[in-house]
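K.L.:
The structure's right below; bear with me while I get my questions together.
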Amino acid sequence: MEFKIEDLAITLNAEVVKRINGNEMIIKIGDKEHKLHVICCNSNGVEFMLDNSYHHAKYMHVNSADMKLMVDGNLVTVSKYAELRAIAQKSSAGPSASTSQRFLTSSIPGRVVSVVAKPNGEVKKGDVVVVLESMKMQVAIKAHKDGVIKELKIKEGSSVSRNDVVAIIE
Amino acid sequence: MEMIKKILTANRGEIAIRVIRACRELGIKSVAVYSDEDAQAMHVRLADEAYHIGPPSPRESYLNMERIIDAGKKSGADAIHPGYGFLSENASFVDACEKSGIIFIGPTSETMRFSGDKMAVKTVAKKIGVPVVPASDGTLDDVEKAVDVAEKIGYPVLLKSAFGGGGRGIRLANDEKQLRQEFEMSSMEAKAAYGRAAMFVEKFLPRIRHIEFQLVRDSHGNAVYLFERECSIQRRYQKLIEMAPSPAVDEKTRPMVGGWVVKLANEINYLNAGTVEFICDDKRNFYLIEINSRLQVEHPVTELITGVDLLKLQIGVASGESIPFKQSDLKLNGCAIECRINAEDPLNDFAPSSGPVPSCIIPYGPGIRVDTYLFPGCTVSGYYDSLVAKLLAWGRDFDESRRRIKNALNEFYIEGIQTTIPLHKAIMDDPAFIAGDLSTDYLDRFKILEKVESVAKAGAKDKVDAIVAAALLHSVLVRGGNSNSTEHNTNKWKESGRFTRNFSYGI
């Protein structure tokens, strides 16, 4: 299976070579073989020994294309089948890509201090749409693309969580 | 002498815990106050008594004088410690405590009002021979007067508004033409914001260091200085790293500036702990900037190099006791560094990062001290400031201290929020920091923020194999452990279904 570590732009092939028993196996990463021993696996993640080193991984978010995981305290994004997806993406570029980006989301949890953009108003990429306050700091949520504000999902004083939709831009 | 038997801390977070610990050592009962947000906070758990004082917003809780004094009366507290921030430099609060018969652990309201007036402080300093930054004698409302002052003190100059604190509204003028332009704009801004345009002109000193001296004076007139702290590494006028001793202070300068601090304290009849801030130019000239009439965030740096517990000392002074040592008893021992760990994402323009912290690992080891309110399962609130932990290291010299804090930064694990730990890691390895080449523009000068990203990535580079193994393991575990290398489960729908059944994951 092919894995691409997005943050480091490193792609490696990895597979299970041999299962020794339920918890132990030999795996191959690139062209090197390693001993992998699963110590424990529960809702907190998985603890394993890779050769003679202890590691802990927690799967934060997984879908069919990629996963966000925490390995020994480092948050990384790993995508699977990178080559296949690159080919698929090239042939499907078009309106479908932009509709999924209608939603402008908040990068932080916070309270709305001021709504700068107006409904049906035009915005350019980078324009401030709404200003949030958290921890005595003000953070501006800016339009991620040029367009028109179809809908504002928040008003002054409302509370938002991280990744909440604050506006729809078409 | 008044025996203080019960102290209420009008604060939260790590400083509230700090006061509680000092109380414990002295056999004094501790009282905590908390807002809705902090009902399960560590300071509430550790205190002997805790009183709910309102909803999350600071205005209705930690800044609400009536509710806090009320809790003081209900609990029968003899004294209130204000911590830092919130009401710690609010003279009206000091008066309110006094009126209610509760001792305020800190300076008098008169001293606070005086320290808050930067012009008054400069006037007194000049009178007793303490150097101040060359500046206009008073505030100016006329551009011609400003030009006159600038001629006398020499360009470049800083134009500051007498109102608005914390680094706001400061403009630079390199020559007369620029000064006239900036004065015009600045006065308009000030008039719009405050109704008045009281400006003052100050000489601009490039490449300055921020060096402050710790002061304590008791009610019997004994004053001591507990050496200095170098606080030059700042971002937007907020300190990030503090240390003692300062590379810019030598054996001759220390007692000289210390002497000024004591003289100033005596002149204004200062009571309890405080800090006198100086800026130091590239020729090692010291200029007084201001007096902070409270205990500061970075006080542990001084505690580590002197062995003096400043909280216990504050309580003693507030009880009417004399400072139990002389200036000559104080020795500067070793080197201490403090890194302020803030819940901000340095890779995302320091965006605030609040929320639950499901897991955390606090570093320990020789010479390591951590003042924090974090514990696994706590929540970092978006209602209060972003300081979540103070990581300190003491070493026999700067290098030992630096290595210790660097290792501690690597051990420090906080899950659920972004923190400035990667920024501190980048600084601890920076050659300029190691050489002591510090100034208030340190971050910009050495492009530290650009280095942070590569430091964060370097952490992941060592783990490439582990990361790939973990990703591979996921598919193996999802298939129920029956996988064979040559079988590929190409049905992705089945895969995600099994996964949801077998795992509960995520934060």
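The values are calculated or read from the model by the stated rules, or taken from the named source; none is laboratory data. As the structure is a prediction and not an experimental result, all values here were calculated from the model. Cβ placement follows ideal geometry from the backbone for every residue including glycine, while neighbour counts extend to all protein chains displayed.
K.L.:
With the range B:236-346 as the region, which helices (runs of 4 or more DSSP H) entirely inside it contain at least 2 residues that are under 21 Å from the mean Cα position of the chain (by Cα)?
P.N.:
Values: elements: B:253-267, B:299-306, B:310-318.
Result: B:299-306, B:310-318.
K.L.:
Where residues in the range A:103-125 are under 21 Å from the mean Cα position of the chain (by Cα) and within 14 Å of chain B (Cβ to nearest Cβ), which of them is farthest from B:ASP385 (Cα to Cα)?
P.N.:
My answer is A:THR105.
K.L.:
Determine, yes or no, whether B:ALA244 is touching a Ser or Thr at 6+ places or on another chain (Cβ under 9 Å), among the hydrophobic types (A, V, I, L, M, F, W, C) and under 19 Å from B:LEU295 (Cα atoms). Walk me through how you get there before you give the answer.
P.N.:
Values: touching a Ser or Thr at 6+ places or on another chain (Cβ under 9 Å): yes; among the hydrophobic types (A, V, I, L, M, F, W, C): yes; under 19 Å from B:LEU295 (Cα atoms): yes.
Judged against the criteria, B:ALA244 is a match.
K.L.:
Going by what's in this entry, would A:LYS35 be described as free of Cβ contacts under 8 Å to residues at least 12 places away in the same chain, farther than 30 Å from B:VAL357 by Cβ and loosely packed, with under 15 Cβ neighbours inside 10 Å? Working first, answer last.
P.N.:
Working: free of Cβ contacts under 8 Å to residues at least 12 places away in the same chain: no; farther than 30 Å from B:VAL357 by Cβ: yes; loosely packed, with under 15 Cβ neighbours inside 10 Å: yes.
Answer is no for this residue.
K.L.:
Looking at the range A:47-66, which of its residues are hydrophobic (A, V, I, L, M, F, W, C), buried (at least 20 other Cβ atoms within 10 Å of the Cβ) and touching a residue at least 12 places away in the same chain (Cβ under 8 Å)?
P.N.:
Our first condition is that a residue be hydrophobic (A, V, I, L, M, F, W, C); within the range A:47-66, this holds for A:48-50, A:57, A:60, A:62, A:65.
Narrowing further to those that are buried (at least 20 other Cβ atoms within 10 Å of the Cβ): A:48, A:50, A:57, A:62.
Those that are hydrophobic (A, V, I, L, M, F, W, C), buried (at least 20 other Cβ atoms within 10 Å of the Cβ) and touching a residue at least 12 places away in the same chain (Cβ under 8 Å): A:PHE48, A:LEU50, A:ALA57.
K.L.:
Take the conditions in contact with a strand residue (DSSP E or B) (Cβ under 9 Å, 6 or more places away or on another chain), more than 9 Å from chain B (Cβ to nearest Cβ) and modelled with pLDDT under 80 and apply them to A:TYR81. Does it pass? Step through it out loud before you land on a result.
P.N.:
Numbers: in contact with a strand residue (DSSP E or B) (Cβ under 9 Å, 6 or more places away or on another chain): yes; more than 9 Å from chain B (Cβ to nearest Cβ): yes; modelled with pLDDT under 80: yes.
For A:TYR81, the condition - in contact with a strand residue (DSSP E or B) (Cβ under 9 Å, 6 or more places away or on another chain), more than 9 Å from chain B (Cβ to nearest Cβ) and modelled with pLDDT under 80 - is met.
K.L.:
Please give the number of the condition B:GLU267 fails out of (1) in contact (Cβ under 8 Å) with a residue 60 or more places away in the chain; (2) within 27 Å of B:PHE433 (Cα to Cα).
P.N.:
Against the list (1) in contact (Cβ under 8 Å) with a residue 60 or more places away in the chain; (2) within 27 Å of B:PHE433 (Cα to Cα), B:GLU267 comes up short only on (2).
K.L.:
Here's something else I'd like to know. What's the total number of residues in the range B:379-409 that are more than 13 Å from B:ASN342 (Cα to Cα), of a type in the set (Val, Ile, Thr) and crowded, with 18+ Cβ neighbours inside 10 Å?
P.N.:
Total meeting the criteria: 1.
K.L.:
Let me ask something else about it. Being out of contact with any Phe, Trp or Tyr (no Cβ under 9 Å at 6 or more places or on another chain), modelled with pLDDT of 90 or more, under 17 Å from B:LEU477 (Cβ atoms) and facing chain B (nearest Cβ under 9 Å) narrows it down to one of A:LEU50, A:LEU36, so name that one. Give the steps one after another, and end with the answer.
P.N.:
Working: A:LEU36 fails: out of contact with any Phe, Trp or Tyr (no Cβ under 9 Å at 6 or more places or on another chain).
The match here is A:LEU50.
K.L.:
Continuing with this model, one more query. Out of all the residues in the range B:20-39, is one or more in contact with a Ser or Thr (Cβ under 9 Å, 6 or more places away or on another chain) and part of a loop (DSSP other than H, G, I, E, B)?
P.N.:
The answer is no; no qualifying residue exists.
K.L.:
Next question. All but one of (1) of a type in the set (Phe, Trp, Tyr); (2) farther than 26 Å from B:PHE398 by Cα; (3) assigned to a strand (DSSP E or B) hold for B:PHE213; which doesn't?
P.N.:
(2)
K.L.:
I'd like the full set of residues that are surrounded by 13 or more Cβ atoms within 10 Å (Cβ to Cβ), touching a Ser or Thr at 6+ places or on another chain (Cβ under 9 Å) and under 28 Å from B:ASN342 (Cβ atoms), limited to the range A:139-157.
P.N.:
A:VAL139, A:ILE141, A:HIS144, A:ILE154
K.L.:
Okay, moving on. Of the residues in the range B:367-397, how many are under 21 Å from the mean Cα position of the chain (by Cα), under 17 Å from B:GLY334 (Cβ atoms) and not in a strand (DSSP E or B)?
P.N.:
Looking only at that region, the number is 1.
K.L.:
Quick one: which of B:ILE434, B:ILE337, B:ILE448, B:ILE405 is touching a His at 6+ places or on another chain (Cβ under 9 Å), on the phi < 0 side of the Ramachandran plot and more than 14 Å from chain A (Cβ to nearest Cβ)?
P.N.:
On the way: B:ILE434 fails: touching a His at 6+ places or on another chain (Cβ under 9 Å); B:ILE337 fails: touching a His at 6+ places or on another chain (Cβ under 9 Å); B:ILE448 fails: touching a His at 6+ places or on another chain (Cβ under 9 Å).
Criteria check complete, one pass: B:ILE405.
K.L.:
Something else now. With a cut-off of at least 1 residues that are more than 22 Å from A:HIS56 (Cα to Cα) and at pLDDT below 70, name the helices (runs of 4 or more DSSP H) lying wholly within the range B:425-507.
P.N.:
Working: elements: B:431-434, B:442-445, B:448-461, B:464-478, B:492-502.
Ranges flagged: B:492-502.
K.L.:
For the range A:10-31, how many residues are closer than 22 Å to A:TYR81 by Cα and either within 29 Å of the chain's Cα centre (by Cα) or at the interface with chain B (Cβ under 7 Å from one of its Cβ atoms) (or both)?
P.N.:
Selection size over the range A:10-31: 13.
K.L.:
Look through B:PRO376, B:PRO356 and report the one residue that is without any contact (Cβ under 8 Å) to a residue 40 or more places away in the chain, within 14 Å of another protein chain (Cβ to nearest Cβ) and surrounded by fewer than 19 Cβ atoms within 10 Å (Cβ to Cβ).
P.N.:
Details: B:PRO356 fails: without any contact (Cβ under 8 Å) to a residue 40 or more places away in the chain.
Answer to the selection: B:PRO376.
K.L.:
Pick from the range A:120-138 the residues that are polar (S, T, N, Q) and not in a loop (DSSP other than H, G, I, E, B): which of them is surrounded by the most Cβ atoms within 10 Å (Cβ to Cβ)? Step through it out loud before you land on a result.
P.N.:
We begin by selecting, within the range A:120-138, every residue polar (S, T, N, Q); these are A:120, A:134, A:138.
From what's left, not in a loop (DSSP other than H, G, I, E, B): A:134, A:138.
Details: A:SER134: 25, A:GLN138: 12.
Residue satisfying both the conditions and the ranking: A:SER134.
K.L.:
While we're on this one: Output the number of the condition that B:LEU87 fails; it satisfies all remaining conditions of (1) out of contact with any Phe, Trp or Tyr (no Cβ under 8 Å at 6 or more places or on another chain); (2) under 26 Å from B:LEU264 (Cβ atoms); (3) of a type outside the set (Val, Ile, Thr).
P.N.:
Just one mismatch for B:LEU87, condition (1).
K.L.:
Quickly run through the range B:451-480 and pick out the residues that are among the basic types (Lys, Arg) and either at the interface with chain A (Cβ under 7 Å from one of its Cβ atoms) or under 21 Å from A:ASP51 (Cβ atoms) (or both). If you could, list the steps in order and put the result at the bottom.
P.N.:
Quick first cut of the range B:451-480, residues among the basic types (Lys, Arg) only: B:451, B:457, B:461, B:463, B:479.
Correct list: B:LYS457, B:LYS461, B:LYS463.
K.L.:
Among the residues of the range A:54-67, count how many are at pLDDT 85 or above and either assigned to a loop (DSSP other than H, G, I, E, B) or more than 7 Å from every other protein chain (Cβ to nearest Cβ) (or both). Walk me through it before giving the result.
P.N.:
The first filter runs over the range A:54-67 and keeps only residues at pLDDT 85 or above, leaving A:54-59, A:67.
Next, from what is left, pick out any that are either assigned to a loop (DSSP other than H, G, I, E, B) or more than 7 Å from every other protein chain (Cβ to nearest Cβ) (or both): A:54, A:56, A:58.
The total comes to 3.
K.L.:
A further question on this structure: Just one of B:GLU189, B:GLU184 is more than 30 Å from B:LEU87 (Cβ to Cβ) and modelled with pLDDT under 85; which is it? Reasoning before the result, please.
P.N.:
Values: B:GLU189 fails: more than 30 Å from B:LEU87 (Cβ to Cβ).
Selected residue: B:GLU184, the only one of B:GLU189, B:GLU184 that is more than 30 Å from B:LEU87 (Cβ to Cβ) and modelled with pLDDT under 85.
K.L.:
Would it be correct to say that B:ALA150 is in a helix (DSSP H, G or I) and modelled with pLDDT of 95 or more?
P.N.:
Values: in a helix (DSSP H, G or I): yes; modelled with pLDDT of 95 or more: no.
Answer is no for this residue.
K.L.:
Mind listing whichever residues of the range B:311-346 are loosely packed, with under 15 Cβ neighbours inside 10 Å and either in contact with a Cys (Cβ under 8 Å, 6 or more places away or on another chain) or modelled with pLDDT under 95 (or both)?
P.N.:
none
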